[in-house]
1. Does the stretch B:64-76 contain at least one residue that is open to solvent by less than 30 Å² (accessible area, probe 1.4 Å) and either closer than 27 Å to B:Asn236 by Cα or in contact with a Gly (Cβ under 9 Å, 6 or more places away or on another chain) (or both)?
2. Among the residues of the stretch B:247-262, is there at least one that is outside any helix (DSSP H, G or I), more than 21 Å from B:Leu320 (Cβ to Cβ) and at the interface with chain A (Cβ under 7 Å from one of its Cβ atoms)?
3. So which residues in the stretch A:211-235 are more than 7 Å from chain B (Cβ to nearest Cβ) and under 17 Å from B:Arg167 (Cα atoms), if there are any at all?
4. Here are some residues: B:Arg360, B:Arg324, B:Arg278. Which one is of a type outside the set (A, V, I, L, M) and within 13 Å of chain A (Cβ to nearest Cβ)?
5. Among the numbered criteria (1) facing chain A (nearest Cβ under 8 Å); (2) open to solvent by less than 20 Å² (accessible area, probe 1.4 Å), which one does B:Thr83 miss?
6. Looking at B:Tyr347, is it assigned to a helix (DSSP H, G or I), among the aromatic types (Phe, Trp, Tyr) and open to solvent by less than 20 Å² (accessible area, probe 1.4 Å)?
7. Could you list, in sequence order, the residues of the stretch A:191-205 that are outside any helix (DSSP H, G or I) and among the small types (Gly, Ala, Ser)?
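The values are calculated or read from the model by the stated rules, or taken from the named source; none is laboratory data. Just so it is clear, the model here is predicted, and its values are computed rather than measured. A quick note on method: Cβ atoms are made from the backbone with ideal geometry, for glycine too, and the neighbour counts reach across all protein chains shown. Remember, those area values only see protein heavy atoms, side chains included, never the ligands or the DNA or RNA. Shrake-Rupley method; radii C 1.70, N 1.55, O 1.52, S 1.80 Å.
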Amino acid sequence: MTPPDPGPRKPGTPDPGSRKPGTPDSRALVMARVRRALADVPRAETPDAVPVERTYHRVHGDRTAAGTVDLLAEHLADYRAVVHRAGPASLPDLIARLLADRGATSVAVPPGLPASWLSAVPESVRRVPDTAELTPHDLDAVSSVVTGCAVAIAETGTVVLDAAPDQGRRRITLVPDHHVCVIRVPDQVVGSVPEALERLDPARPLTWISGPSATSDIELDRVEGVHGPRTLEVILVAPEPETAGQN
Amino acid sequence: MSGTHQATYLGMPAFPQAADASTRNTQLRANLRHATHTIRAKRATAVAELDDWSRLRAAGAAIKDRTLRHLDHYLERLENAVTAAGGHVHWAADAEEANRIVTELVRATGEREVVKVKSMATQEIGLNSALATAGITAYETDLAELIVQLGDDLPSHILVPAIHRNRGEIRDIFAERMARWGRPAPDGLTDAPADLAEAARLHLREKFLNAKVGISGANFMVAETGTLVVVESEGNGRMCLTLPETLISVVGIEKVVPTFQDLEVFLQLLPRSSTAERMNPYTSTWTGTTDQDGPRTFHLVLLDNGRTDTLADTVGRQALRCIRCSACLNVCPVYERAGGHAYGSAYPGPIGAILTPQLRGTGSELDASLPYASSLCGACYEVCPVAIDIPEVLVHLRERVVEGGPASVRGTRAVIKPAKGHAAERAAMRAARWALDHPRVLRTGQRLASRTRRFHPRRLPGPGRAWTDTRELPRVPEESFRDWWRRTRGESRTEGRKKTT
């Protein structure tokens, strides 16, 4: 995933973003300091010659695919995400019910959200498409947002968004106070952090979400609900229809 | 600045004086004890969940060592990757230059207000007061930083800057001060943490929605891809990183890691070590700018400010592995009693005691006192997720303070003079070395000491007085061990040895 290398910038080439401070001289100065500081490193040593042993586990424990999904559900709930399970057929009704229970009057909709997902949501709930024109103030007036996800991590209870069409811009899952996130299980679920990174594209903006927003800033005690959505509902959708309903 | 002043660490007293005052503050000690003990047990549980913790820790240390030994290589890669992804890279040799760059960048946007994500680097360089001087108001948006800012206070912990405040004090600060900075606290605000968090949410909401410029640090920068990573909990980070049109990130040059894959180690080590969670609520990564999603302009300011001096010290270099988790603060008996302010910098606790004297040098009385702010118990090393041997560096820095010697100062080789305050200690050590090298002198001295023992004071006079403030002088025995040995069984040396073995 290495972006094209534009080649080293020659000293004397103006720094693209700044005018006066942070001149190329500062770059040369800092780089010269770094090289002087590393006088003890043999010239012939390459970065790869410094050993890094990756003897840690790729994934912790041995689980079936279903076991991994169960662990995800358990860990999501541990950090106060509300977990639901559904099949493809029962998903629209579940989403409609979650929005209704919340009293949602509007819902932000990513451009690539499968149309069926909101098919049971009454017309009275205003659809707010995720467009570039939308301002943060507009979004602040939106009740809920429904998205898919890129990958979910069982060991940590994490959902990762990568701004793909079924997830939309980063801000639509940030400003509304209620986020409904749909995970296709078991396909989108991995066991561990290393397995998740393998699936992700660093060029895309990533948002890793583990439960609703929280803080430990008052006496190092965790309190849920600060600036991000205070309610995170996760729906695990399995390919074979299961009994829908709350976990 | 709404009539408030900017607190700074300038002119703080040396650690012993500061700690002398703070350890008498019973409220502070109760707050710190409660908070650090809460997190200690939780961290131990979170770490125990991973049976490969020691391997992750070793890998984390190794990745950082690889990066540091080839920092020039990785910085060049990083710069190229960030630039290719649409970002602008700036270099700042010191705090003043970094502040100037950021001030100019904000001015160029025409804005007078910025929102900030909690960042150790901007705390270190005193960015907020530099911006204030230029007529720009920086709003801290992390809950604890907000408490500190509203209270005209200084951070005292890396993770929880307001750890020295309990809920009652926070309630009072919110009720009294929020109105000065924007939306006032709700009437009848209680000291329930949930209510306090809600008050912060309401207070900061308008600032986020109107913000045009955001300022952040970063936990990691990936050289291979140009990706920056911010790890947070509240969502204030996401707000600052995605809603403004311009994003300026000030990041220490040591925060680079080689590859995207390397994050698999640090994203396991950091949350469990710092907030004791399997994963923190929010982690944001971005690579340059993205079309129609998030800031249109991204500036990265790479900060040296003493890091290359630290890098030049082959023993002290390991301090640059630090990922700012604050686990070492939470287990430190000295930190728990003295509190963060006594360390006189943005970096308190054991890591501060080795980082600050390297970043700033040991020239001031405060900075020279920091390597002594430890009992060398080693708990900090035990919990460090990147295995920084803090006691080793502390002892190394004590030697530098006492003996002086070669060091790198603002990028050039210099010879540090021995600290003044240690002249008596050095003289005593020299005398002891000489006496121990000359057995006869030692014997004569010991006998003399024994015969005059009735006249010995209980406390030392002169420069030794401070040492005996809290200790009694050991009593000199009637007879030295060597004399006793000779008298009781030592007709000849060889016989004596035979008897005992």
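1. Here is the first cut: in the stretch B:64-76, the residues open to solvent by less than 30 Å² (accessible area, probe 1.4 Å) are B:64, B:67-68, B:70-71, B:74-75.
Filter once more, keeping what is either closer than 27 Å to B:Asn236 by Cα or in contact with a Gly (Cβ under 9 Å, 6 or more places away or on another chain) (or both): none.
No - not one qualifying residue is present in the stretch B:64-76.
2. Residues of the stretch B:247-262 that are outside any helix (DSSP H, G or I), as a first pass: B:247-252, B:256-259.
Next, from what is left, pick out any that are more than 21 Å from B:Leu320 (Cβ to Cβ): B:247-248.
Still in the list and also at the interface with chain A (Cβ under 7 Å from one of its Cβ atoms): none.
No, that holds for no residue.
3. A:Arg222, A:Glu224 - these are the residues of the stretch A:211-235 that are more than 7 Å from chain B (Cβ to nearest Cβ) and under 17 Å from B:Arg167 (Cα atoms).
4. Details: B:Arg360 fails: within 13 Å of chain A (Cβ to nearest Cβ); B:Arg324 fails: within 13 Å of chain A (Cβ to nearest Cβ).
Among B:Arg360, B:Arg324, B:Arg278, only B:Arg278 is of a type outside the set (A, V, I, L, M) and within 13 Å of chain A (Cβ to nearest Cβ).
5. (2)
6. On the way: assigned to a helix (DSSP H, G or I): no; among the aromatic types (Phe, Trp, Tyr): yes; open to solvent by less than 20 Å² (accessible area, probe 1.4 Å): yes.
So B:Tyr347 fails the test.
7. Of the residues in the stretch A:191-205, the ones outside any helix (DSSP H, G or I) are A:191-192, A:200-205.
Hits for the stretch A:191-205 are A:Gly191, A:Ser192, A:Ala203.
Residues checked against (1) surrounded by fewer than 19 Cβ atoms within 10 Å (Cβ to Cβ); (2) within 27 Å of A:Ser192 (Cβ to Cβ):
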position	(1), (2)
A:Ala73	no, yes
A:Leu76	no, yes
A:Val82	yes, yes
A:Ala120	yes, no
A:Thr135	yes, no
A:Asp138	yes, no
A:Gly148	no, yes
A:Val151	no, yes
